[in-house]
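Here's the structure, in structure tokens; my notes come after.
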Amino acid sequence: MNKVISLLGPTASGKTEFAIFLKKNFDLEIISIDSVMIYKYFNIGTAKPNESILKKIPHKMVNIIEPFEKFSVAKFYSNLLDCINEAHSKGKVPILVGGSMMYFKTFFSGGLSDLENVSESTKKKVQEIFASKDLENIYDFLKKLDPLIAKNIHPNDKYRIARMLEIYFSNNEIPSIALSRYSRNVQCFNNLNLSIIPNDRTLLHNNIEKRTNSMIDMGLIDEVLDLRNKYPKQFLPAMSSIGYKQVNQYLLNDIDLLSMKSKIMAATRQLAKRQITWLRHLDATTVYTSIDYDNIESRVRDFLKS
RNA sequence: GGCUUGGUAGCUCAGUUGGUAGAGCAGUGGACUGAAAAUCCUCGUGUCGGCAGUUCAAUUCUGCCCCGAGCCA
């Protein structure tokens with residue numbers, strides 16, 4: 001009794017509805033694998049199930065932190081293990097549903113390297129380096145410090161170069177050594193992994209268009225306004241996610257309503273593409289080209305019986 | 001009807017003093033271990049509106065035609 005079902009798919013592929021359908025037929029516990037739905041009050045733009053659905057059909061890992069809090073894969077992973085254990089202790093099989101593929105990857109590979117947390121002062125130090133030096137120089141520094149790690153990072157990838165410096169300063173070791181240190185709990189679950197890779201991109205794009213329009217109709221702009229009023233000067237990590245970012249640009253008069261919509265749709269399509277790239281290369285999952293209710297349901301039924 | 005102006009990649013446009021063209025966006029494929037819905041990389045042949053003329057050579061010059069915008073009647 002250590003079964004775990006995973007259902008992964010790109011945005012707008014209908015996985016959430018499908019998980020709810022499965023939950024009605026089997027004794028499952030839904031655990032969301034979504035880096036933005038974890039935030040409270042980010043509802044419409046994340047396509048989060050509404051409150052009455054969440055009440056009837058609880059989703060773990062949804063609405064677990066405040067908008068101004070910082071989250072991370074590490075926090076996600078330890079939370080996830082707790083949720084899985086809790087479900088198992090209740091005799092339920094957890095079903096992990098979502099599209100945050102790095103989170104899934106972390107779960108499948110049994111966790112992250114054993115690293116020190118990065119302190120605020122270290123973060124600041126790294127920021128100052130980036131403010132005072134050219135990216136090129138910083139990359140050269142990393143290349144001399146740790147050629148192995150630099151090889152895997154593109155010189156333009158500011159984000160990852162910064163992260164490697166943070167790792168270096170917090171662990172007092174070069175990143176490639178620090179990252180190779182694991183205190184992993186070996187993945188000891190009995191997994192059923194199901195992926196949705198839509199074979200009809202046009203259909204997916206149409207769904208994205210419909211869903212974006214309906215988000216706006218449902219009041220996405222008001223949701224962003226409310227968040228801005230509630231947290232006027234705070235940095236909200238989820239504000240840089242799709243939908244929220246573009247509505248903010250619209251509210252600042254940087255773009256008009258029409259281009260706001262088309263930018264949201266484009267960003268969503270790009271997200272779906274990246275998610276599909278992950279799915280093509282994550283192994284050990286059974287791939288479906290669309291949500292095939294009958295086939296997936298019988299697959300789940302067999303798995304639960306076994 | 002006359003004058004002005006534009007018609008170049010799916011979209012917005014640049015360019016060729018005549019040698020068949022290139023950016024941004026979109027799209028595609030990919031990378032990705034603590035903000036990942038983030039961050040980053042790869043990929044550009046299109047009757048240069050149509051027909052004819054000049055020319056060794058026209059998308060570029062000339063003429064006519066078609067379509068759009070503006071102004072004048």
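General remarks:
- Neighbour net charge for A:TYR159 - beta-carbon separation under 14 angstrom, K R +1, D E -1: +2
- Solvent-free Debye calculation, one equal scatterer per alpha-carbon of segment A:116-185: log10 I(q)/I(0) at 0.14, 0.15, 0.27 Å⁻¹ equals -0.40, -0.46, -1.31.
- Rg ratio for chain A: its Cα radius of gyration over 2.2 N^0.38 Å, N being its residue count, equals 1.07.
- Net charge contributed by nearby residues that have their C-beta within less than 13 Å of A:ALA87 (K/R +1, D/E -1): +1
- Protein accessible area in chain A, 1.4 Å probe - carbon and sulfur %: 50 percent
- For segment A:206-306, the per residue solvent-accessible surface stands at 61 Å², with DNA, RNA and ligands left out and a 1.4 Å probe.
- Extending 7 Å from the Cα toward the beta-carbon at both A:SER240 and A:GLU51 defines two label points whose distance is 3.1 nm.
- Distance-filtered residues of segment A:263-306 - backbone nitrogen under 20 Å, label point 7 angstrom along A:TYR159 Cα→Cβ: A:263-282
- The overall shape of segment A:157-306 is oblate: from the C-alpha gyration tensor, with semi-axes ordered a ≥ b ≥ c, the ratio a/c is 1.5 or greater and a/b is no larger than b/c.
- Inter-probe distance in nm under a simple model that places probes 7 Å from Cα toward Cβ, at A:SER290 and A:LYS123: 4.4 nm
- Unit Cα scatterers, Debye sum, segment A:1-107: log10 I(q)/I(0) for q = 0.24 Å⁻¹: -1.59
- Difference of contour (0.36 nm per residue) and Cα-Cα distance, A:LYS40 to A:GLU297: 89.4 nm
- Expressed in Å, the radius of gyration and Dmax of the Cα atoms of segment A:210-255 are 10.5, 33.
- Segment A:93-224: C-alpha pair distances exceeding 24 Å, %: 55 percent
- Relative contact order of segment A:15-105, taken over Cα pairs closer than 8 Å and 6 or more residues apart, is 44 percent.
- Projected-area mean, segment A:94-144, by convex hull of Cα positions, square nanometres: 6.1 nm²
- Distance distribution P(r), segment A:28-168, all Cα-Cα pairs, bin width 10 angstrom from 0: 10, 31, 29, 20, 9, 1 percent.
- Descending by average beta-carbon neighbour count within 10 Å, the peptides A:41-47, A:151-157 line up as A:41-47, A:151-157, the highest first.
- Within the shell of other residues whose beta carbon sits under 11 angstrom from the beta carbon of A:SER176, the net charge comes to 0, with Lys and Arg scored +1 and Asp and Glu -1.
- Cross-link pairs A:LYS124/A:LYS151; A:LYS210/A:LYS273; A:LYS75/A:LYS261; A:LYS75/A:LYS144; A:LYS105/A:LYS144; A:LYS3/A:LYS24 - those with Cα-Cα distance over 27 Å: A:LYS75/A:LYS261; A:LYS75/A:LYS144; A:LYS105/A:LYS144
- Each peptide in A:245-251, A:177-183 receives the mean, over its residues, of other Cβ atoms within 10 Å, and ordering these scores from highest gives A:245-251, A:177-183.
- Computed over the alpha-carbon pairs of segment A:244-291, the distance histogram in 10 Å steps reads 24, 34, 21, 18, 4 percent, short to long.
The values are calculated or read from the model by the stated rules, or taken from the named source; none is laboratory data. Treat the numbers as computed from the prediction; the structure is a model and nothing was measured. Note: ideal-geometry Cβ built from the backbone for every residue, glycine included; neighbour counts use all protein chains shown. With ligands, DNA and RNA removed, areas are computed over all heavy atoms of the protein, side chains included. Shrake-Rupley method; radii C 1.70, N 1.55, O 1.52, S 1.80 Å.
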